[in-house]
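Right, one structure below, let's go through it.
Computed from the coordinates by the stated procedures, all read-outs in this text should not be read as laboratory data. The shown structure was predicted, so the numbers you read here are calculated from the model rather than taken from an experiment. Here Cβ is always computed from backbone atoms with ideal geometry, including for glycine, and neighbour counts include all displayed protein chains.
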Amino acid sequence: MRRSKNNPHYSYSIYADSATAERFDDSHFGGPIGQLIVEMQERVLFDFLGDVHNASVLDIGTGTGRAALAIAKRGAHVTGVDASAEMLKVAQKHAEDANLDIKFLRGDAHSLDFPDRSCDVAVSLRMLMHTPDWRRCIAEMCRVARQRVIFDYPPSISFAALQTITRKAAQLAGRRVEAYHVIRTGSVRSALHSNGFEITKSHRQFVLPIAFHKLIASPRFTANAERTFAVMGLLRLMGSPVTILAERRG
């Protein structure tokens, strides 16, 4: 259930701040590890998307428009939706600077103002972990997508689960933090199935927390460490976030 307007969920209040929106890209994707994350996300995204030329794509929780811009550059007709007007201002400026025709609309991922099956693909990156009701958001993605949905989430069996504990403790102490939640993979599969979709591809990113990789700030360390974990089988068990491609059954 979503919080009342007098006690909003942090995902609405934090991202509504103009200063947060302005520094979002630098704080989340700045530096060598931030750039590595962007490159990895785009590689996985387009492996899942395939050819999107002339396809209609809805980017839900678009934020500053990072995924929307990348998809539009491939020739898709993209609409980006976000609850934060301030984040959308930054996204719109990015699109104008890149000379890309992207429609950005304010809206809530829990109740999308789009008809059933109105886009070819619904995409949502780094959003479910911050939503008050991730199941409802998945249901909405499945409702508006004709064939495919792509999204990511931090799984409950990962180091991200430990980080959520520290962030929630900080939030209880009065600090202004993104106290995200982790999600069980079985629950994700069940939510998709109940909405007529099934997982056809998945990808896990890192075993070690992204914050740790940013602290080390060495792409070589990150590549070597994560390659070692993959060989050991830990990436398959504990990698986070998980990016999912799900397709409509039948």
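Using alpha-carbon pairs under 8 Å, 6+ residues apart, how would you state the relative contact order of the chain in percent? It comes to 19 percent, rounded to a whole number. Annotation note: trypsin sites (Lys or Arg not before Pro) in region 1-85 located in DSSP loop regions with a Cβ neighbour count of at most 14 within 10 Å are ARG3, LYS5, LYS73. Counting neighbouring beta carbons within 10 Å and listing from fewest to most, the residues THR131, THR62, THR164, THR228 come out as THR228, THR164, THR131, THR62. Calculated on C-alpha atoms, the gyration radius of the chain divided by its Kirkwood radius gives an Rg/Rh of 0.94.
Applying a length cut-off of 24 Å (Cα extent along the axis) and a mean Kyte-Doolittle floor of -1.0 to the DSSP H helices of the chain leaves 31-49. Neighbour counting of Cβ atoms within 10 Å sorts the residues ARG248, ARG184, fewest neighbours leading, into ARG184, ARG248.
Mean residue ellipticity, 222 nm, helices only, the chain: the sum of -39500 (n - 2.57) across DSSP H runs of n ≥ 4, divided by residue count and rounded to 500, is -13500 deg cm²/dmol.
Residues with amide H under 5 Å of LYS201's amide H, sequence separation 5 or more or different chain, H placed in the peptide plane at 1.01 Å from N; which? Placed amide hydrogens put LEU245 under 5 Å from LYS201.
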